[in-house]
Amino acid sequence: MDDFVKPTLEYAELSPLFIVFGIACLGVLVEAFVPRKHRYLVQSTLAIGGVVLTLAAVIAVANRLKEHGDGAARGIVGSMGTVVVDGPAVFLWGLILLFGLAGCLLFAERQLEGGVSAFAGQAAALPGTEAERQAAGLDHTEVYPLLMFALMGMMLFPASGDLLTMFVALEVLSLPLYLLCGLARRRRLLSQEAALKYFVLGAFSSGFFLYGVALIYGYAGSMNLGAINDAVRNDASNQTLLLIGMGMLSVGLLFKVGAVPFQAWTPDVYQGAPTAVTAFMSAATKAAAFGAMMRLFYVAFGADRWSWQPMMWVIAILSMVVGAAILVTQRDVKRMLAYSAIAHTGFVLTGVLGLEGAGELTDGQLTSLQAVLFYLATYGIAALGAFAVVSLVRDSAGEASALSRWAGLGKHSPLVAGVFALFLLALAGIPLTSGFIGKWAVFEVAMSSGAWPVVIVGVLSSVVAAYFYVYVIVVMFFHDPEPEQAAYVVHPSVLTSSTIAVGAAATLVLGVIPGPVLNLAGVAGQFLR
């Protein structure tokens with residue numbers, strides 16, 4: 001009989017996870033004990049303050065990592081091997097928390113809806129009933145602890161050291177998002193439909209992922225990513241189990257990032273969810289899911305690249321082509337940004353195809369990990385800022401996301417239209433914006449690994465998508481609206497204004513001076529095996 005080993009936790013290195021979880025639990029207690037009229041102020045302050053405190057803890061952890069390991073492989077394997085705190089994980093933690101902070105600010109916005117938030121006063125009330133009318137002036141403050149629980153899952157996802165922890169993180173990040181998608185104050189049925197569709201998508205994603213976990217455990221005899229890597233290197237047992245299990249895990253993760261052909265209903269979710277939730281999901285979920293994907297394929301399956309790379313070639317090409325092709329047919333701004341997200345998933349996958357190595361710059365050569373981390377930062381900032389601008393354009397029914405209602409926006413609200421045009425140009429990858437540097441980075445690493453056909457498709461898809469982005473800009477500045485279809489811009493509070501302003505500034509700065517963030521991604525090193 002084996003001796004019992006007392007479990008140990010590295011509290012200092014895992015402190016960001018504990019802080020986020022603690023703030024989420026405090027938020028639940030606030031809902032239980034604080035009077036309703038005070039909850040908004042308490043919950044919003046607690047969430048924003050908690051994210052800032054967690055960011056400080058992440059910076060402290062980054063400094064502590066210098067004491068562990070050497071070179072590019074700095075970090076620790078904590079929590080009895082289930083959580084890996086290394087450079088890429090800490091970089092992603094910081095990125096996800098920045099997106100979470102922007103999400104908190106957008107969630108706390110009350111000026112756009114006349115003194116209340118964009119979330120339904122009472123989620124359980126059926127649309128059009130007396131109960132919903134009675135709840136019209138109430139705030140749904142449960143959204144803040146839900147956001148914090150989602151953040152906790154997003155942080156754990158790319159830091160998972162074994163498949164079981166990765167699955168738990170997937171569920172923790174997903175379940176709050178299912179609820180948040182159905183809480184829109186306006187267009188309740190569309191929002192509830194989005195929540196149901198996202199739940200069904202998530203159920204398929206989780207089912208495939210868990211089935212893959214079982215098959216990989218049958219192959220390697222362990223769920224630990226390092227042990228799986230050893231089994232792959234030693235060519236252990238049944239290769240059929242490995243290939244099928246790898247495929248199942250891939251499907252689960254590709255559902256989460258919205259890659260083709262697993263993108264079904266993703267545009268419906270983006271359109272129906274409250275715009276603040278869509279903004280947060282579009283940035284943070286993609287960063288967390290791609291972080292987990294890279295850890296899985298680089299650490300556990302890195303020795304079997306020839307098995308999964310052809311599949312990734314096909315998925316990347318399909319995502320870019322389908323996303324760009326359907327993008328140009330859209331006449332709803334939120335759906336347009338949804339198909340843009342699908343195309344950008346293909347661009348990120350192009351970077352994943354590159355050669356993994358130490359994240360530090362060597363003779364100017366980027367690594368796959370460095371390029372993908374930078375791209376996730378640039379895309380997340382642009383997408384989050386674009387959705388924040390969408391929340392400002394209104395008509396009598398609420399948000400005016402129909403493209404026809406954006407005609408002439410540049411004439412009566414040139415600043416808002418100009419900022420939105422900047423975000424669109426960044427998504428298109430136009431020079432002097434962050435999107436150009438991001439695409440250049442992922443295309444360069446893909447070319448260095450021999451994936452030039454994927455790069456050619458990526459360039460052509462970028463041209464097709466850029467055409468439609470420019471068309472939207474033309475509609476805003478050079479088309480005259482129909483009198484009954486004209487939309488107007490609501491003046492937001494400092495919360496949303498700050499989010500948009502910081503996003504626009506970061507988009508410009510990263511397009512002109514990308515070096516600091518590229519070097520930070522390089523200093524993050526490589527995944528600890």
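The values are calculated or read from the model by the stated rules, or taken from the named source; none is laboratory data. Quick caveat, the model's predicted, so the values are computed rather than measured. Cβ atoms come from the backbone with ideal geometry, glycine included; neighbour counts cover every protein chain shown.
Applying the condition of being surrounded by 14 or more Cβ atoms within 10 Å (Cβ to Cβ) and either of a type in the set (V, I, T) or in contact with a Lys or Arg (Cβ under 7 Å, 6 or more places away or on another chain) (or both) to segment 487-504 and asking which residue is farthest from A118 (Cα to Cα) yields V502. Only one entry of F91, F4 meets the criterion of being loosely packed, with under 13 Cβ neighbours inside 10 Å and at pLDDT below 95, and that entry is F4. Return a yes/no flag: does segment 326-333 have any residue that is part of a helix (DSSP H, G or I), more than 27 Å from A150 (Cα to Cα) and not basic (K, R). The answer is yes; a qualifying residue exists. Meeting the requirement of 1 or more residues that are in contact (Cβ under 8 Å) with a residue 24 or more places away in the chain and hydroxyl-bearing (S, T, Y), the helices (runs of 4 or more DSSP H) wholly within segment 135-241 are 143-156, 163-181, 188-220. Can you say whether L427 is at pLDDT below 95, within 30 Å of P492 (Cβ to Cβ) and not in a helix (DSSP H, G or I), as far as the supplied structure shows? It is false that L427 is at pLDDT below 95, within 30 Å of P492 (Cβ to Cβ) and not in a helix (DSSP H, G or I).
Selection of first residues in segment 93-122 that are over 15 Å from I500 (Cα atoms) and of second residues that are among the acidic types (D, E) and surrounded by 21 or more Cβ atoms within 10 Å (Cβ to Cβ), restricted to Cβ pairs under 8 Å at least 6 apart or on distinct chains, gives the following pairs, ordered by first then second residue: R110/D139; V116/D139; S117/E109; S117/D139; A118/E109; F119/D139; G121/D139. Just for segment 382-401: of the residues that are surrounded by fewer than 22 Cβ atoms within 10 Å (Cβ to Cβ) and touching a Leu at 6+ places or on another chain (Cβ under 8 Å), which one is nearest to V494 (Cα to Cα)? Only one residue tops the list, namely V390. Reported count of residues in segment 197-234, each being closer than 30 Å to E113 by Cβ and over 20 Å from the mean Cα position of the chain (by Cα), is 0. So for segment 478-485 (the condition being touching a residue at least 12 places away in the same chain (Cβ under 8 Å), out of contact with any strand residue (DSSP E or B) (no Cβ under 6 Å at 6 or more places or on another chain) and either buried (at least 23 other Cβ atoms within 10 Å of the Cβ) or polar (S, T, N, Q) (or both)), does at least one residue qualify? There is at least one residue in segment 478-485 that is touching a residue at least 12 places away in the same chain (Cβ under 8 Å), out of contact with any strand residue (DSSP E or B) (no Cβ under 6 Å at 6 or more places or on another chain) and either buried (at least 23 other Cβ atoms within 10 Å of the Cβ) or polar (S, T, N, Q) (or both).
Inspection of segment 342-365 finds no residue satisfying the criterion of being in contact with a Pro (Cβ under 6 Å, 6 or more places away or on another chain) and farther than 22 Å from A521 by Cβ.
Residues are listed down the side, and each one gets a yes or a no for (1) polar (S, T, N, Q); (2) surrounded by fewer than 20 Cβ atoms within 10 Å (Cβ to Cβ):
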residue: F209; (1), (2): no, no
residue: D235; (1), (2): no, yes
residue: S307; (1), (2): yes, yes
residue: P310; (1), (2): no, yes
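Of all the listed residues (V474, V463, V490, V459), the sole one being more than 21 Å from T350 (Cα to Cα) and without any contact (Cβ under 8 Å) to a residue 60 or more places away in the chain is V474. Scanning segment 78-129 for residues that are in a helix (DSSP H, G or I) and either over 18 Å from L384 (Cβ atoms) or among the polar types (S, T, N, Q) (or both) turns up S79, M80, G81, G87, P88, A89, V90, Q111, E113. Yes or no: segment 429-449 includes at least one residue that is free of Cβ contacts under 8 Å to residues at least 40 places away in the same chain, loosely packed, with under 15 Cβ neighbours inside 10 Å, within 27 Å of A505 (Cβ to Cβ) and not small (G, A, S). Within segment 429-449, none of the residues are free of Cβ contacts under 8 Å to residues at least 40 places away in the same chain, loosely packed, with under 15 Cβ neighbours inside 10 Å, within 27 Å of A505 (Cβ to Cβ) and not small (G, A, S). Can you find a residue in segment 316-323 that is surrounded by fewer than 24 Cβ atoms within 10 Å (Cβ to Cβ), without any contact (Cβ under 8 Å) to a residue 60 or more places away in the chain and farther than 17 Å from Q526 by Cα? Checked against the condition, which is being surrounded by fewer than 24 Cβ atoms within 10 Å (Cβ to Cβ), without any contact (Cβ under 8 Å) to a residue 60 or more places away in the chain and farther than 17 Å from Q526 by Cα, segment 316-323 yields at least one hit.
Of note, I244 does not satisfy the criterion of being modelled with pLDDT of 90 or more, farther than 26 Å from S174 by Cα and either touching a Phe, Trp or Tyr at 6+ places or on another chain (Cβ under 9 Å) or not small (G, A, S) (or both). Quick check on V260: is it modelled with pLDDT under 90 and not aromatic (F, W, Y)? For V260, the condition - modelled with pLDDT under 90 and not aromatic (F, W, Y) - is met. Criterion first (crowded, with 17+ Cβ neighbours inside 10 Å and at pLDDT below 80) does G511 satisfy it? No; evaluated as a whole, the condition is false for this residue. So which residues in segment 252-291 are farther than 15 Å from G346 by Cβ, crowded, with 24+ Cβ neighbours inside 10 Å and aliphatic (A, V, I, L, M)? Scanning segment 252-291 gives V269, A273, A276, V277, A279, M281, A283, A284, A287, A288.
Only residues that are part of a loop (DSSP other than H, G, I, E, B) and more than 22 Å from V322 (Cα to Cα) were counted across segment 431-462, and they come to 5.
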